[in-house]
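The values are calculated or read from the model by the stated rules, or taken from the named source; none is laboratory data. These numbers were taken from a predicted model, which means no experiment stands behind them. Glycine gets a Cβ as well: all are built from the backbone with ideal geometry, and neighbour counts include every protein chain shown. Side chains included, ligands, DNA and RNA excluded: accessible areas come from the protein's heavy atoms. Shrake-Rupley method; radii C 1.70, N 1.55, O 1.52, S 1.80 Å.
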Amino acid sequence: VRIAYFGDSMNDGDYIVQDVRSEFQDKYGGQGVGFVAISSLSAGARGSVSHQYSKGWKSQSFVKVKKPTRPFGIDGQVFFANGGTQWVRYKAQSQKHSTQLYNPVLFYGRAGNYNAYVTVQADKDTTYTKSLAPSSLLNKLDLAGHDMKSIQVNFVKADSIPVYGLNFDDGKGVHVDNFSIRGNSGLPLSILNPSLMNAFDRELNYDLIVLHYGANVLGYGTLNYGWYSKSMTTVVNNLRECFPNADILVISTADKATKIEGIMQTDPAVTALAKAQMNYARSTGSGYINLY
């Protein structure tokens, strides 16, 4: 079973999601942290996997860019190894079910560049070279074929190739991918490219899409969230096209205090937004959890 957990800063650094993943893997099996991007604002704070990368990566996110150089990947980001060789390094930590990097696989997109290759250092002693063949909308490269504690991937002459990230899983039990980006309202999910998402879905086979948003929508100073409900209905319809075999679960905004007449109490926008989230969940036949 595979779950895509989309969220904002509430889930940044794998917060909440790592606990969901661990609980499911305790009960149903499965090892591995799932899909991890090339770079992340919260990489240094993430406990479920150690994540470092070189400074020369160019990244585009659907929160900030509407028309990317190449289509956004499954987490709403795309990366380019600009300016010479760039690298990314992952190291397994002591968190339960993620003590190894299981079967590392690289996902990357289409380009006209057939001179690119990666050098891979698995653990401390093994270094080898693999060519990149960016011929399809989505390409995958098995980097090792076995489990390891750490991996560094160096991208050489790869500047024009869209790179999406690496996946780590043992192919059994339950896997939960954290696709959280700070500042996301959920609305950018409407511009995910169905053809590319279908290609990701063929490789990863999603059963459930979780939408956990709200914090970035509360600051609009309105109690009328009909527009959000309507826009997120468009998002859900696009996700059904992207991941036709997946159910969708909406998790509402959490409580948030504001000072009213000198007393800290629930912001009135919270209940209005939670109701709008329930409405779009109901109208699209999605599941709903009221976190407030």
Check on Y206, among the aromatic types (F, W, Y), buried (at least 19 other Cβ atoms within 10 Å of the Cβ) and over 23 Å from I38 (Cβ atoms):
no
If we ask which residues in the range 23-35 are in a loop (DSSP other than H, G, I, E, B) and either acidic (D, E) or surrounded by 22 or more Cβ atoms within 10 Å (Cβ to Cβ) (or both), their number turns out to be 3
Does K259 count as out of contact with any Leu (no Cβ under 7 Å at 6 or more places or on another chain), open to solvent by 40 Å² or more (accessible area, probe 1.4 Å), modelled with pLDDT of 95 or more and of a type in the set (D, E, K, R)?
no
Take the residues in the range 137-166 that are assigned to a strand (DSSP E or B) and in contact with a helix residue (DSSP H, G or I) (Cβ under 7 Å, 6 or more places away or on another chain); name whichever of them is farthest from D125 (Cα to Cα).
L138
Considering every residue within the range 99-106, establish whether at least one is over 19 Å from H175 (Cβ atoms) and either assigned to a strand (DSSP E or B) or open to solvent by 30 Å² or more (accessible area, probe 1.4 Å) (or both).
no
What pairs can you find where one residue is in the range 126-154 and open to solvent by 30 Å² or more (accessible area, probe 1.4 Å), the other is aliphatic (A, V, I, L, M) and in a loop (DSSP other than H, G, I, E, B), and their Cβ atoms are less than 8 Å apart, with a gap of 6+ or different chains?
K130/L143; S131/A116
Residue ID - surrounded by the fewest Cβ atoms within 10 Å (Cβ to Cβ), chosen from residues in the range 54-79 that are closer than 20 Å to V153 by Cα and more than 17 Å from the chain's Cα centre (by Cα):
K55
Does V217 satisfy the criteria of being at pLDDT 95 or above and touching a Phe, Trp or Tyr at 6+ places or on another chain (Cβ under 7 Å)?
no
What residue, of A92, A45, A122, is under 30 Å from V235 (Cα atoms) and open to solvent by less than 70 Å² (accessible area, probe 1.4 Å)?
A45
Would you mind listing the strands (runs of 3 or more DSSP E) fully within the range 210-292 where at least 3 residues are under 27 Å from R21 (Cβ atoms)?
247-251, 287-289
When the range 77-106 is examined, which residues are found to be within 16 Å of D123 (Cα to Cα) and either among the aliphatic types (A, V, I, L, M) or in contact with a Lys or Arg (Cβ under 6 Å, 6 or more places away or on another chain) (or both)?
V88, A92, L101, V105
Based on this model, can you work out whether L204 counts as touching a Leu at 6+ places or on another chain (Cβ under 6 Å) and more than 30 Å from D267 (Cα to Cα)?
no
Candidates I74, I38 - the one that is among the β-branched types (V, I, T), outside any helix (DSSP H, G or I), modelled with pLDDT of 95 or more and in contact with a helix residue (DSSP H, G or I) (Cβ under 9 Å, 6 or more places away or on another chain)
I74
Taking H51, is it crowded, with 20+ Cβ neighbours inside 10 Å, free of Cβ contacts under 8 Å to residues at least 60 places away in the same chain and not aromatic (F, W, Y)?
yes
Take F79 and decide whether it is closer than 16 Å to I181 by Cβ, in contact with a Leu (Cβ under 9 Å, 6 or more places away or on another chain) and not charged (D, E, K, R).
no
When both residues are 6+ apart or on different chains and their Cβ atoms are under 8 Å apart, which pairs have a first residue that lies in the range 7-22 and is closer than 12 Å to I181 by Cα, and a second that is assigned to a helix (DSSP H, G or I)?
G7/V17; N11/V17; D12/A45; G13/A45
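Every residue, every condition in (1) surrounded by 22 or more Cβ atoms within 10 Å (Cβ to Cβ); (2) farther than 23 Å from V1 by Cα, yes or no:
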{"residue": "N224", "(1), (2)": "no, yes"}
{"residue": "W227", "(1), (2)": "no, yes"}
{"residue": "T233", "(1), (2)": "no, yes"}
{"residue": "D247", "(1), (2)": "no, no"}
{"residue": "T253", "(1), (2)": "yes, yes"}
Residue check, N11 polar (S, T, N, Q) and open to solvent by less than 10 Å² (accessible area, probe 1.4 Å):
yes
